[in-house]
Structure formats: structure tokens, C-alpha cells
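Student: What follows is a structure written as C-alpha cells; I'll ask about it next.
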2 protein chains.
Amino acid sequence: MTKQIRDAIEQYVKLVGAGPTEAIVELYAPDATVEDPVGTPVRQGHAAIREFYDVIGALDRDTELRADTVRIAGNEAVFMFTIVTRVAGQRFTLTPIDMMEFDDAGKIIRMRAFWSQEDMAIEPE
Amino acid sequence: MTKQIRDAIEQYVKLVGAGPTEAIVELYAPDATVEDPVGTPVRQGHAAIREFYDVIGALDRDTELRADTVRIAGNEAVFMFTIVTRVAGQRFTLTPIDMMEFDDAGKIIRMRAFWSQEDMAIEPE
């Protein structure tokens, strides 16, 4: 299970950086929930999750997993990654910590992303 | 609230490294829960939490917060820290990611620690 979870996390970060959205959605179980960032309304189900990732899917972006932060315990995991997006000559760098819970098939059933505006760096390109 | 949470996290890591146990327990609300590591039985209330921290309170140890990992969202936070314990000529290094939820008074109401045996390094001193 640990290896399955680790693979899913690596795949997730890679797909968030490169898409396609549908492949990200397929990492989630049909009734999965996404709370990103923590404290905002929870999105549930593939349609709502697709809508969420479609927003970043339209942006010029890349991601990197901070491999030394991956922690797996039971059927849950946390990890930090960096996402850089480039919009209108600005470069936005965000490094959230995501928490994920998995079902026995290795699908994500819950994702919660910990970050706030303070964790976003904005620079000219 | 963000500053209050950040202060509590700094205080927590410092006290886990130096004690006393009672000061750690006081960071928790009376009915708080602790799940450490995630996947093991949840401890609830000051008496159970005291018993948990008394175990490490007896060890030669120190801690360090990885300040670049602190992420605060709503009334919850995650952070990574390192705890080094020395027992019988061996040095145990563990770097968990802890998740905490706080009440309005800034007391911890829930703590969940993400780590597994794989994240523990054991070396001779």
C-alpha cells in the first residue's frame, strides 16, 4: 500500500504540472472530496473535481514534488510540492502541503491542501 | 489567529524537545485528541495525552522546527519538525509532519502525526 500511495503522489504532482485534467480526475475515486485550500468549501465528485483542475489546466505551469517531505501513515499521506504558474509576465510560486486519504484500490478519496496567500510568492518573469 | 497558531506550533516543538510534559499538555484543550502516528488508536483528553508525552519526557532529546514547512489554513496547520533522541549509545532521528486543529482560544483540539518506521534513522552516537 505504501508503494501504491507513493506512486499515486508522484503521478499526481506530475499531472498537476502537465495534465491532462482527465488523468488527474482519474486518480480520484468517484465520490472523492477536495478542500483546497483548507477552510474553503469542499468539492465532491468527479465533475466538481474536474472543474477545479480545469482552472489550472489552462495555465502555463510546472510542478515539483519535494520528495523529502513525503510521509505515509496507514492509508493517508502528506507531502509538499511546488507549483509555478506564469500569467501575464508574472511568475507565481506556491508550495502547499497536501494531505490525501486513499481507498484500498489506491484512489484518492480525500484531498486537503494547506496553504494561504502568505505562502504565494509573486515575481516578474 | 494565524500568529496565535504559529506561536503555538513554535512553543509545541520547543516543549517537545525540552519539556516539562505539563506545559505540553496545557497547549491542548481538555477534550483534545492525539493520533501519533496516523493509523494508531486515538488518545483523548489530558490524562491520555500526558501519558503519551511522559514517554518521550524521560528521554535525552532535542527538536527543531522546519520553519519553511509551516502552513496555516483556517484554524488548522501542518508543519514538519525533527526530533532526535539518544538511547543506549544510539541516535534516533525522526522528522514527522504534524497536523493540528485549534479552537478559538488557540488551544490544540486535534493532533495527527504523519510518519512511519521508514522515516526513522538510527545511527551510533
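Student: Quick one: in segment A:105-119, of everything that is free of Cβ contacts under 8 Å to residues at least 40 places away in the same chain and over 20 Å from A:ALA67 (Cα atoms), which residue is nearest to the other protein chains (Cβ to nearest Cβ)? Don't jump to the end; show me each part of the working.
Tutor: First, the residues of segment A:105-119 that are free of Cβ contacts under 8 Å to residues at least 40 places away in the same chain: A:117-119.
Then keep just the ones that are over 20 Å from A:ALA67 (Cα atoms); that gives A:117-118.
Working: A:GLN117: 10, A:GLU118: 8 Å.
Filtering segment A:105-119 for residues that are free of Cβ contacts under 8 Å to residues at least 40 places away in the same chain and over 20 Å from A:ALA67 (Cα atoms), the one nearest to the other protein chains (Cβ to nearest Cβ) comes out as A:GLU118.
Student: On the given criteria, is B:ALA77 surrounded by 15 or more Cβ atoms within 10 Å (Cβ to Cβ), closer than 30 Å to A:MET120 by Cβ and either β-branched (Val, Ile, Thr) or under 15 Å from the mean Cα position of the chain (by Cα) (or both)?
Tutor: The answer is yes for B:ALA77.
Student: Where in segment B:1-118 are there strands (runs of 3 or more DSSP E), lying fully within it, with 2 or more residues that are under 19 Å from A:MET99 (Cα atoms)?
Tutor: Result: B:28-35, B:60-73, B:76-87, B:97-102, B:108-114.
Student: Of the residues that make up segment A:40-57, is at least one crowded, with 16+ Cβ neighbours inside 10 Å and either within 12 Å of another protein chain (Cβ to nearest Cβ) or within 24 Å of B:PHE81 (Cα to Cα) (or both)?
Tutor: The answer is no; no qualifying residue exists.
Student: Here is a further query. How many residues does segment B:5-37 hold that are within 14 Å of chain A (Cβ to nearest Cβ) and either in contact with a Gly (Cβ under 8 Å, 6 or more places away or on another chain) or farther than 12 Å from B:GLY106 by Cβ (or both)?
Tutor: Residues flagged as within 14 Å of chain A (Cβ to nearest Cβ) and either in contact with a Gly (Cβ under 8 Å, 6 or more places away or on another chain) or farther than 12 Å from B:GLY106 by Cβ (or both) within segment B:5-37 amount to 5.
To keep it simple, each residue is scored yes or no on (1) in contact with an Asp or Glu (Cβ under 6 Å, 6 or more places away or on another chain); (2) free of Cβ contacts under 8 Å to residues at least 40 places away in the same chain; (3) under 14 Å from B:VAL78 (Cα atoms).
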residue	(1), (2), (3)
A:GLU51	no, yes, no
A:ARG66	no, yes, no
A:GLY89	yes, yes, no
A:ASP103	no, no, no
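None of the figures in this text is laboratory data; all of them are computed from the coordinates on show. Keep in mind it's a predicted model, so treat the numbers as computed, not measured. With ideal geometry, Cβ positions are generated from the backbone for all residues, glycine too; neighbour counts draw on all protein chains shown.
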